[in-house]
Amino acid sequence: MDKEYKIGAIIVAAGSGLRFGERKQFKKLGTKPLYLYSLQKFIDCNSIDEIVLAVPKDLRNTISNEASKVSPRINVVEGGRLWQGSVLAGIDGLSADCDIVCVHDAARPFVSVDLIQKTITACENNDGAVAAIPSNDTVKEINTNNNHIKRTIPRETIWLAQTPQAFHQSQLKKALFYAKDNKIQVTDESTLLESLEYSVIVVEGSRDNFKITTPSDWKLAELILERNND
């Protein structure tokens, strides 16, 4: 990546944790809160110039004090009720001259510096880049009314999206404001850019870079952490 580009990162840690039963991003995995694992990887990535961490309103001061001990480069902002609102809040917390914005979910603790860099580099010559992994399973599209199978989708064409996802800031803002104006909610920004016919490329992620959603995922994370510490 040519460093004439200024690069900012947004780490979203503002979720309510309804499916997990608590706000898992602040629960201790091993010796430290979950969000610190991915945050440290972004600190370690030399391409990143600025980092914004989006957190719940009631924890902003506490997390700001905690994060400042890790690095003075972190700007902690109040996230939104939903993912898109948190990303917009994160953009507001970045400098206007950031060329590329890399968005990551704090619930994916095992992201690597290499994957962050690959995503950013791939974005340089595209409108966006998304970490993803190919599907190992046969994919069925079903009728949601009765669970009958409508068709089988060739798994060779199916990739499962992860974060980080990197975009040029001007195009990301355009997509987010388009969604806001049209009351569109999606689960990741690349969907919005695709709908506006921007060119988004996939870079291969990692199976370890999974999202912790359930208590079973947490147990898997503990096993991976134990393995990594051996």
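Just so you know, all these numbers are worked out from the coordinates, no wet-lab data involved. These numbers come from a predicted model, not from an experiment. Ideal geometry is used to build each Cβ from the backbone, glycine not excepted, and the neighbour counts take in all protein chains shown.
Only aspartates and glutamates eight or more places from Lys174 in sequence, or on another chain, were considered; those with a Cα closer than 17 Å are Asp92, Asp97, Asp99, Asp127, Asp188, Glu189, Glu194, Glu197. A DSSP coil position with no more than 10 other Cβ atoms inside 10 Å describes the following GluC sites (Glu not before Pro) in the range 188-230: Glu197. Annotation: amide H-H contacts under 5 Å for Val203 (H modelled 1.01 Å from N, sequence separation of 5 or more, or interchain): Val130, Ala131, Ala132.
Extension gain Tyr178-Thr62, at 0.36 nm per residue separation less the Cα-Cα distance, in nm?
Values: separation 116, 0.36 × 116 = 41.76 nm, distance 3.31 nm.
Length difference between fully extended and current span is 38.4 nm.
Among the GluC sites (Glu not before Pro) found in the range 15-111, those both in a DSSP coil and sparsely packed, with 16 or fewer other Cβ atoms within 10 Å of their Cβ, are Glu22.
Taken along its principal axes, the alpha carbon cloud of the chain reaches lengths of 53, 39, 34 Å, longest axis first.
Remark: spin-label model distance Glu156-Lys32 equals 4.3 nm, labels positioned 7 Å along the Cα→Cβ axis.
For a Förster distance of 45 Å, can you work out the FRET efficiency between the beta-carbons of Ser95 and Asn136, rounded to the nearest 0.05?
Details: r = 40 Å, r/R0 = 0.90.
Result of the calculation: an efficiency of 0.65.
Note on the range 151-230: semi-axes of the ellipsoid equivalent to its C-alpha gyration tensor, largest first and rounded to whole Å, are 30, 17, 14. In this structure, the amide hydrogen of Val139, modeled 1.01 Å from its nitrogen in the peptide plane, lies closer than 5 angstrom to those of Ile153, Arg155, counting only residues at least 5 positions away or on a different chain. Distant-in-sequence amide contacts of Ile51, defined by a placed amide H-H separation under 5 Å and a gap of 5 or more residues or a different chain, comprise Ala9, Asn75. Straight Cα distances below 25 angstrom link Lys57 to the lysines Lys24, Lys27, Lys28, Lys32, Lys41, Lys69, Lys173, Lys180, Lys183, Lys211, with same-chain residues fewer than 8 positions distant left out. The radius of gyration of the Cα set in the range 1-113, together with its Dmax, comes out at 13.3, 44 angstrom.
Kirkwood hydrodynamic radius computed over the range 55-126 comes to 13.8 Å, based on all pairs of distinct alpha carbons.
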